[in-house]
Amino acid sequence: MRWPFAPEGRKWLAILVLVTVGGIAVGRWVPPAWQPAVWCFGVLSLSMGIIAAVFYRDPERRSTAAPDLILSAADGRVVAVETCNELRHMGGPAQRIAVFMHLGNVHVQRTPGSGKLLWTRQQSGRWLPAWSERAARENEQCWYAFEGEFGKYALVQIAGLVARRTRCWLQSGRVYPRGVRLGMITMGSEVDLYLPLSASIQVRVGDRVRAGETVLGKWAANG
């Protein structure tokens, strides 16, 4: 049976559970004068455990969408749909869809389409707020360059003011199906998806999306 939590959070959840249970057990044996402090510690540990469980949750996702449909890579709200120049992988004009995640969203990202992961690149940087126009250029981020049956696409995990670490779980050179967990951003932030101009976009700014379920668009038949 698979734990419904991201790998990075499982050890913290286990520690917090042990601390909480231990605090409750100890609280029954300490002198009465110490019990309020022990119980406060137990409540604090339990609260931290609940927060960690919410943050690190990783539910199963299933989609019956047609293979030529593009699924969201992240949970959150669409904050940008635009045409831009993307030279690292797309080599020119591309369509960019940016999804902002708040602290209550699931923070695990998934592949929006099938394809071969050509390379990944971790870029150190600043921790500007995700809503800053400079964040996508200057913040710490991790790039994923894919090429599949329907063409190229790139995905970028962008850290933010609170979200300061990105995690990559995939290996370059391997082929991955759509909907595979690819990594997570610690404490939320933003995920950008770069698509070819031939892809048709079906979301707008303000739409709420779910990773591995919400359709963002459709690949062109010729890629």
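The values are calculated or read from the model by the stated rules, or taken from the named source; none is laboratory data. The structure presented is a predicted model; accordingly, all values stated were derived computationally and were not measured. Don't worry about glycine lacking a Cβ; one is built from the backbone with ideal geometry, like all the others, and counts go over all protein chains shown. With ligands, DNA and RNA removed, areas are computed over all heavy atoms of the protein, side chains included. Shrake-Rupley method; radii C 1.70, N 1.55, O 1.52, S 1.80 Å.
Could you list all residues from region 130-150 that are open to solvent by less than 10 Å² (accessible area, probe 1.4 Å), aromatic (Phe, Trp, Tyr) and either at pLDDT below 60 or closer than 16 Å to residue 165 by Cα (or both)?
144
Here is a check on your reading of the model: is residue 124 in contact (Cβ under 8 Å) with a residue 40 or more places away in the chain and over 17 Å from the mean Cα position of the chain (by Cα)?
On the way: in contact (Cβ under 8 Å) with a residue 40 or more places away in the chain: no; over 17 Å from the mean Cα position of the chain (by Cα): yes.
Against the criterion (in contact (Cβ under 8 Å) with a residue 40 or more places away in the chain and over 17 Å from the mean Cα position of the chain (by Cα)), residue 124 does not qualify.
Looking only at region 181-197, which residues are out of contact with any His (no Cβ under 8 Å at 6 or more places or on another chain) and surrounded by 14 or more Cβ atoms within 10 Å (Cβ to Cβ)?
Here is the first cut: in region 181-197, the ones out of contact with any His (no Cβ under 8 Å at 6 or more places or on another chain) are 181-183, 189-193, 195-197.
Across region 181-197, the qualifying residues are 181, 182, 183, 189, 190, 191, 192, 193, 195, 196.
Scan region 212-220 and give yes if some residue there is over 18 Å from residue 65 (Cα atoms), surrounded by 15 or more Cβ atoms within 10 Å (Cβ to Cβ) and modelled with pLDDT of 95 or more, otherwise no.
Going residue by residue through region 212-220, those that are over 18 Å from residue 65 (Cα atoms) are none.
No, there is no match, as no residue in region 212-220 is over 18 Å from residue 65 (Cα atoms), surrounded by 15 or more Cβ atoms within 10 Å (Cβ to Cβ) and modelled with pLDDT of 95 or more.
Looking at this structure, is residue 127 open to solvent by 10 Å² or more (accessible area, probe 1.4 Å) and modelled with pLDDT of 75 or more? Break it down into steps so the answer makes sense when it comes.
Details: open to solvent by 10 Å² or more (accessible area, probe 1.4 Å): yes; modelled with pLDDT of 75 or more: no.
Here the answer is no, as residue 127 does not meet what is asked.
Can you name the number of the only condition in (1) more than 17 Å from residue 66 (Cα to Cα); (2) modelled with pLDDT under 95; (3) not aliphatic (A, V, I, L, M) that residue 196 fails?
In the conditions (1) more than 17 Å from residue 66 (Cα to Cα); (2) modelled with pLDDT under 95; (3) not aliphatic (A, V, I, L, M), residue 196 misses (2) alone.
Could you tell me which residue of region 29-60 is modelled with the lowest pLDDT, considering only residues that are part of a loop (DSSP other than H, G, I, E, B) and open to solvent by 30 Å² or more (accessible area, probe 1.4 Å)? Reasoning before the result, please.
Of all residues in region 29-60, those part of a loop (DSSP other than H, G, I, E, B) come to 29-31, 56, 58-60.
Next cut, open to solvent by 30 Å² or more (accessible area, probe 1.4 Å) only: 29, 31, 56, 59-60.
Details: 29: 67, 31: 72, 56: 75, 59: 85, 60: 89.
Once the filter is applied, the top-ranked residue is 29.
Return yes or no: is residue 63 part of a helix (DSSP H, G or I), among the polar types (S, T, N, Q) and at pLDDT 70 or above? First the steps, then the outcome.
Values: part of a helix (DSSP H, G or I): no; among the polar types (S, T, N, Q): yes; at pLDDT 70 or above: yes.
It is false that residue 63 is part of a helix (DSSP H, G or I), among the polar types (S, T, N, Q) and at pLDDT 70 or above.
Take the residues in region 166-180 that are polar (S, T, N, Q) and open to solvent by 20 Å² or more (accessible area, probe 1.4 Å); name whichever of them is nearest to residue 83 (Cα to Cα). Show your work before the answer.
Keep residues of region 166-180 that are polar (S, T, N, Q), which gives 166, 171-172.
In the following step, the residues that additionally are open to solvent by 20 Å² or more (accessible area, probe 1.4 Å) were identified as 171-172.
Details: 171: 29, 172: 27 Å.
That would be 172.
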